[in-house]
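See below for the structure under consideration.
Each reported figure results from applying straightforward, stated rules to the coordinates on display, with no laboratory input. Only a predicted model underlies this, so the values are computations on that prediction, with no experimental measurement involved. Positions of Cβ are backbone-derived with ideal geometry, glycine not excepted, and every protein chain shown enters the neighbour counts.
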Amino acid sequence: MIGKVFGWRLALATAIAMTVLPAVAQEPVKVGMSGPFSGGLSLLGQSVRDGVEVAFAEINEAGGVSGRKLQFIAEDDGYEPMRTIASARKLVEQDKVVALLAVTGTAPSAALLPFVTESKTPMLFPYAFSHSLTTPLNRDVFTTLPEVRVQMVVLANYILNTLKQTKVAAIYQNDDFGQDAVAGLEERFGRDKIPLVKLPFDRGTTNFSGVVAQAKAAGVEHVVFLGIPKDAALVMREANNLGWKPQFSGHNALGDPQTFQLAGPLAEGAIAIAVMEPLDSDKPAVKAFIAAQQKYKPNTKPTTYSMHGYQAGKLFAEIVKRAGGKTDEASIVSAIEGMQGFDTGLMAPLTFSSKQHAGALAGAIMKAQGGKWKIISDWLAAN
Amino acid sequence: MSAAADIERAQRQALPFGTGPILLGVCVAAACAAPFVLNGYGLYVLNLTGVFALVALGLNLLTGYAGQISLCHAAFFGVGAYATAILTQTAGVPYLLSLLVGGLLTACVGAVVAVPAMRLKSLYLAIATLGFGVVLQKIIFEWRSLTNGGGGLALSPPVIGGYELRATGLYYLTLAVVTLGVWGAWNVSRGRTGRALLIIKESEIAAGALGIPAARYKVIAFAISAFYAAVAGGLFAYLVRYIHPENFSVGLSIAFLSMVVIGGLGTIGGSIVGAAFYVIVPELLRGIKDAPGLVFGLLLVIVMVLMPKGLWGLARRIGRRA
């Protein structure tokens, strides 16, 4: 009698254990992000976050990765590095995330370097274009977006080899970004011993008549503009007022639909570097991304930022899959370092190794045609 | 409250024996025990509070006591951060010494800012200091050979006496410096300088009639206040270990002023409460979009309307009633 009751209990206990245990084994993989969701750059941060959320929703609906669901925790830092550190510490120490994904902003992600290095937390695919994230190599930091110097080498190759233009001026924002970009251009021009006319302007200025007149007086046929699209539009207008029509080009920021709103038909024919596919591309991966965002986050708009977030989310799932569902630091790092020519369909194929943590040293040439940016080249490597 | 009452209060501000020291003791004990209770995140937030409390202590001497508005304290904070970082990292000066030298250097800068302050008042002074802050920030940005400009400056952990300071060590250092800072501010506010500053705030003519050289005391107030901000900056630099010129913008100066006003103008406890409010409340409100800014803004309004003496004034009133 007693044995019978006991046996019944044992069976029940076994049954409970069998239903509970798999649930324990399928604990979700927690991933964290810090970005500006409040303040002046909130649109950028929210967009990147939306992208990751769309990717994770899509992956989880299809059953997760290696039987595990992905859980995403995003924290606001208002683009203040000291708050980014607080966010990251909360995510890693309190929420126990296995990695930081798509941290948004150059200064915020640079501020995280000491913390991620010491806590051995993988910091994957930040939305940042800075040199210092992957040079010198950080064991736990991986990027997909090519830094501006790489973009400029791609652009200079195109100007010199394909367009065969040699009278070139760079009108650039006189700050760290602009100087970094010009250094990239100069290095490539210097190799062919071709001079580059350098015309700096201060950030925040609205009067470009001086630099444009100088460029025209220098007899230049091609103007590389390095700044925000609003200023690019002002420069194009200024040149137009002088009745001057040089070839315009710029880094990835110029290749934004915004440029057409600001410069109108004057933007036609301009060239920009594409670091990812444009939103109106016919590539199936882009169409799938836009459909996914419309499905899972119908109240948000697909942007180039959310495309980056989406790709980061998809890449993370791929990494966990390659690591066989393991999410410790060593497994994640070695899974990424094993990626060779991995094509997301949204940008140049990504290649990582133990010596190279910048996944894409390539960009493509985009041209403004009929109010749209069209990619007119393959993905071109920067070397 | 009239100047006379303020000055009288300043003279006999010693807490009534009993609850005051006990409360203080509990706070100090809790602060010392924090690293054993909190995780790295909590400790970081507390450390940041300490750093900002130090700035607020200094700014309160200038704004709360002497009635001089400064919108360049973020720049003092930044100069201190860069001076300490460059002295330690590039010149190889021991960390504690470079904290002190950075502070003294910035105190000189503060004294220079005070020169226009001798002639300007209220809004005009605010605008002049605003300009000065922008200039200092621009200098940090443009002096690339020294500061690495917009690339920012990454720092390795500081070393004191062969011992590498990690989160806990740095926290205790901040705690020690804040304690010193409270002690210093306490002495300044109760001494000759504090009383002179209170009269200057009320009426410079009256101060002059009493034979108080207003100009000299304003310079002293600016210098002390800049010293506090700079030492805090030196601690901040090694807490975050990555400093960037854009960290030290006018927005941060306004945040410092808000801390002082929210906490309580002209009180030492208010500086600490204000800093704690500024750092900890947004952390507690994580996840609610735009809430930190909204709550902060609303509270500023509420404090200004309902609590002329800030959070600290309210706490004291409740304390007295209990």
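Quick look at the values:
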| quantity | calculated |
| --- | --- |
| Size of the range A:25-145 as Cα extents on the principal axes (Å, biggest first) | 37, 31, 28 |
| Sequence-distant aspartates and glutamates (8 or more away, or on other chains) whose Cα lies within less than 14 Å of A:LYS301 | A:ASP50, A:GLU53, A:ASP280 |
| Kirkwood Rh, Cα atoms: Rg over Rh of chain A | 1.08 |
| Dipole magnitude (debye, nearest 20) for chain B, charges at Cβ of Lys, Arg, Asp, Glu | 660 |
| With 10 Å bins from 0: P(r) over the range B:224-268, alpha-carbon pairs, percent | 23, 51, 24, 2 |
| Estimated vicinal HN-Hα couplings, Hz - the range A:227-234 in sequence order (Karplus 6.51, -1.76, 1.60; Gly, Pro = x) | x, 7, x, 4, 6, 4, 4, 5 |
| Dimensions (Å) - chain B, Cα atoms, principal axes, largest first | 51, 45, 42 |
| Nearest-20 debye value, the protein assembly as shown charge dipole, Cβ charges on Lys, Arg, Asp, Glu | 1280 |
| Dipole of the range B:130-225, positive end: most advanced residue of B:TRP183, B:TYR217, B:VAL135 [Cβ charges, Cα centre] | B:TYR217 |
| Trypsin sites (Lys or Arg not before Pro) restricted to the range B:159-201 and DSSP loop, no more than 14 other C-beta within 10 Å | B:ARG166 |
| Debye, to nearest 20: dipole size of the range A:88-239, +1 on Lys, Arg Cβ, -1 on Asp, Glu Cβ | 240 |
| Percentage relative contact order, chain B, counting C-alpha pairs under 8 Å, at least six apart | 32 |
| Whichever lysines have a C-alpha closer than 29 Å to that of A:LYS216, once near sequence neighbours (fewer than 8 apart) are set aside | A:LYS164, A:LYS167, A:LYS193, A:LYS198, A:LYS230, A:LYS245, A:LYS367, A:LYS372, A:LYS374 |
| Least to most buried among A:ILE273, B:ILE160 (fewest other Cβ within 10 Å first) | B:ILE160, A:ILE273 |
| Of B:ALA83, B:ALA31, B:ALA229, the one that fluctuates the most in a GNM where chain B has Cα springs shorter than 10 Å | B:ALA31 |
| Shape metrics for the range B:49-107, restricted to C-alpha atoms - Rg then Dmax, Å | 12.7, 39 |
| Burial ordering of A:GLU118, A:GLU277, A:GLU93, fewest other beta-carbon atoms within 10 Å first | A:GLU118, A:GLU93, A:GLU277 |
| Rotationally averaged projected area of the range B:185-245 (alpha carbon convex hull; nm²) | 5.4 |
| DSSP-loop trypsin sites (Lys or Arg not before Pro) across the range A:125-197, with at most 13 other Cβ within 10 angstrom | A:LYS164, A:LYS193 |
| Whole-Å distance, taken between Cα centres, linking the range A:204-223 and the range B:205-221 | 54 |
| Length gained when the stretch B:VAL295-B:ALA29 is fully extended (0.36 nm per residue, less Cα-Cα span) | 92.7 nm |
| Selected from A:GLY371, B:ILE262, A:ILE171, residue furthest toward positive end of dipole (the protein assembly as shown; charges at beta carbon) | B:ILE262 |
| Per-residue Cβ neighbour rank within 10 angstrom, fewest leading, A:MET33, A:MET236 | A:MET236, A:MET33 |
| GluC sites (Glu not before Pro) restricted to DSSP loop in the range A:309-369 with at most 16 other C-beta within 10 Å | none |
| Estimated [θ] at 222 nm from DSSP helical runs (n ≥ 4, -39500 (n - 2.57)) normalised by residues in the protein assembly as shown, nearest 500 | -18500 deg cm²/dmol |
| Lys/Arg +1, Asp/Glu -1 at C-beta; the protein assembly as shown dipole; positive extreme among B:LEU235, A:LEU44, A:PHE142 | B:LEU235 |
| Globularity ratio of the range A:170-324, using Cα Rg and 2.2 N^0.38 Å | 1.26 |
| FRET efficiency for B:ILE280 and B:LEU104, using Cβ-Cβ distance with R0 set to 35 Å, rounded to 0.05 | 0.65 |
| Tensor-based shape of the protein assembly as shown (alpha-carbon gyration tensor, a/c under 1.5 rounded, otherwise prolate or oblate) | oblate |
| Length released on extending from A:GLN26 to A:SER353, taking residue separation times 0.36 nm less the Cα-Cα span | 114.7 nm |
